[in-house]
Amino acid sequence: MQKQLLSGNEAIAQGAWEAGVAVGAGYPGTPSTETLENLVRKDNVYCEWAPNEKVALEVGIGAMMGGVRSLVTMKHVGVNVAADPFMSVANTGVNAGLVILAADDPSCYSSQNEQDSRHYAAFARIPCLDPSDSQEAYEFTRRAFDISEEFDAPVMLHETMRIAHTKTMAEVEGVRTEVAPRDYTTQIPKYVMMPAMAVGRTAATNEREDRLLAFADETDLNRIEMRDPSIGVVVAGALYNHVREALPEASVLKLGLTWPLPAGKLAEFAASVDKLYVVEEACTYFETRVRALGIPVATPPKGRLPRSGEIMPMHIRTAFGIAEPVHIAPAEGLPPRPPAFCVGCPHRLVYCELRRMKAIVTGDIGCYTLGAVAPYRAVDSVIDMGASLSMAHGMELAGTSERTKRPVVGVIGDSTFAHSGITSLLGTVYNGGVGTLCILDNRTTAMTGTQGNPVNGVKLAEQMAGKSPLDEPSGKPLDLVKLCEAIGVDEVIQVDSQNLKDIRAALKTAIGHKDLLSVIIFKSPCRLIDRSRKPMPVIRDCRRCGTCIQIGCPALGKDETGFAVIDPNQCIGCGQCVQSCPFGCIQKEG
């Protein structure tokens, strides 16, 4: 055994590799992303980024049908995207082991909502494992593949951000178990989910559920830790550690298998304590099910735990009336540090122009969501991946632009367009929609760590080997112009998103059409992949109008007298401020 300091995601990758996984597929999404990025570095396993989570799961299903163990990774909102194949494969069962990593994000650190993916496991009636640290992340991943094959079911491996990104010590074997591919035989009643076959598979799922209910009470994945019998806590995942810190004397039923719940063990534990409490975050997944078993659940003496956000030890102490340890007071007077576009970000000038035009912007998921905050305030909605283009069509159907005298513009990134924007655009074209749609092509999936995607053609293995999206890819990059033209977009314009004059002209032209559908592709690489620097501009005879400051560049500021200044440590010489100054006071040096 080897001791290693691993994050939960690193531990899952290690466990999957040791379990003999042959194929890994996923879509990058915090907090799950690093799992495949670590797995792809290992021998004898193939990993890829898929355009979206549905496709990733379908790749994993194909691999397991073909006889090899597969791991599919996604964040919680990605489970929504993959729900269709997810529910079907729960019925078909598996050939080789199939494990689906669902990474939740309580407190919305990098997400548009909070949700508990374990509801999907319960909905689909498949086993769900919930590790509480990196050691268990490693061990549970290995066991998940065995459970999958034993019960003929996909297995959900559930984690939260706190598990995914926290590093703890783990003992790992460091040796891969090579699992021979299982034979493939045609099984139409098992895998062809037409109605007559699906009915038969539902009967098999019912039988499997009975076996899993018995397993839940027998497995050591769930364990009772008796201490003070006056307080009993049902808990799982990272919150187990928080309960142990906040209530060190409390008895605990630690759940490692969170679907199905162990009815017998829950009843046994409830009978052994004076009061039973449930500690969970962002939902009442456990409490609802424990109460449904007829087991009373007490409310903490000082009131319920928060209904949203991460639950920390201080929340537990407060709810149970335990004094919080004295902490060092936070420093006072520190300036706020709101998120902002990077220096030289190619999205900046597009949003400045949309703000100037007073456009109603239906936005999407990605870095460019920051167009909603100061100083731009140029994004009116962010709902889900791909929604921007569909919603822009819907707003046009509602006559919004005509009534408000403001143009409606849909804005989406290149990776998000490949994820779920293509079908949105296709729907608008098919139904004769009009208006202006923008694709911000910055050559990467920037928000989750500059991963490859179908638009830049960089494969996962190449990305982890250091290949830049600016290099010639080995994959086949999607030509956005040809795609838009092929599906029937009336007007397709490609613009350098670092050129303000061209941005302004393209938007003016597109918005000026009343009966056409225009797609503008704003193309320029993300500054995280193109770190080249040019000479810093110089400021002469500043008029103190403040216009340059309004582009929101972190390298631009004012001195105590109101004159514009440029921070030489941050400026990369992109020239956005040069183009923005109405008086020509900022000039390229030389």
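The values are calculated or read from the model by the stated rules, or taken from the named source; none is laboratory data. These figures come from a predicted structure and were not determined experimentally. Because the Cβ atoms are built from the backbone with ideal geometry, glycine has one as well, and the counts that use them run over all protein chains shown.
A few notes on this one:
- All positions within segment 240-255 that are among the hydrophobic types (A, V, I, L, M, F, W, C), closer than 22 Å to R289 by Cα and not in a strand (DSSP E or B): V243
- Which numbered condition T318 misses (of (1) crowded, with 17+ Cβ neighbours inside 10 Å; (2) farther than 28 Å from I572 by Cα; (3) within 29 Å of the chain's Cα centre (by Cα); (4) hydroxyl-bearing (S, T, Y)): (3)
- Checklist (1) among the small types (G, A, S); (2) in contact with a Pro (Cβ under 7 Å, 6 or more places away or on another chain); (3) in a strand (DSSP E or B) applied to G557, failing item: (2)
- Tally, over segment 252-306, of residues that are aromatic (F, W, Y) and on the phi > 0 side of the Ramachandran plot: 0
- One residue alone among F145, F140, F123 is modelled with pLDDT of 95 or more, farther than 17 Å from T73 by Cβ, under 24 Å from the mean Cα position of the chain (by Cα) and in a helix (DSSP H, G or I), and that residue is F123.
- S532 vs. criteria at pLDDT below 95 and of a type in the set (S, T, Y): yes
- Selection status of D541, within 30 Å of E402 (Cα to Cα) and over 34 Å from the mean Cα position of the chain (by Cα): no
- Among the residues of segment 57-94, those identified as under 20 Å from P106 (Cα atoms) and not aliphatic (A, V, I, L, M) are T73, K75, H76, G78, N80.
Residue-by-condition table, conditions (1) assigned to a helix (DSSP H, G or I); (2) modelled with pLDDT under 95:
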| position | (1), (2) |
| --- | --- |
| V326 | no, yes |
| A331 | no, yes |
| G371 | yes, no |
| A392 | yes, no |
| V411 | no, no |
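- Residue within segment 557-564 that is in contact (Cβ under 8 Å) with a residue 40 or more places away in the chain and β-branched (V, I, T) present: no
- Segment 345-369: number of residues that are among the charged types (D, E, K, R), surrounded by 24 or more Cβ atoms within 10 Å (Cβ to Cβ) and assigned to a loop (DSSP other than H, G, I, E, B): 1
- Lone qualifier among L261, L305, L266 - being free of Cβ contacts under 8 Å to residues at least 60 places away in the same chain and in contact with a His (Cβ under 9 Å, 6 or more places away or on another chain): L305
- In segment 186-217, the residue that is farthest from P154 (Cα to Cα) out of those that are outside any helix (DSSP H, G or I) and among the hydrophobic types (A, V, I, L, M, F, W, C) is M194.
- Considering only residues in segment 218-239 that are β-branched (V, I, T) and part of a strand (DSSP E or B), the one that is farthest from R304 (Cα to Cα) turns out to be I224.
- Enumeration of residues in segment 283-317 that are in a loop (DSSP other than H, G, I, E, B) and either touching a Gly at 6+ places or on another chain (Cβ under 7 Å) or among the basic types (K, R) (or both): P301, K302, R304, R307
- Neighbours by Cβ (under 7 Å, 6+ apart or cross-chain): first from segment 129-155, free of Cβ contacts under 8 Å to residues at least 40 places away in the same chain and closer than 17 Å to V89 by Cβ; second in a helix (DSSP H, G or I) and not small (G, A, S): none
- Pick from segment 103-120, criterion without any contact (Cβ under 8 Å) to a residue 60 or more places away in the chain and either crowded, with 20+ Cβ neighbours inside 10 Å or outside the structural domain of H76 (by TED's automatic domain parsing) (or both), ranking: farthest from G67 (Cα to Cα): S117
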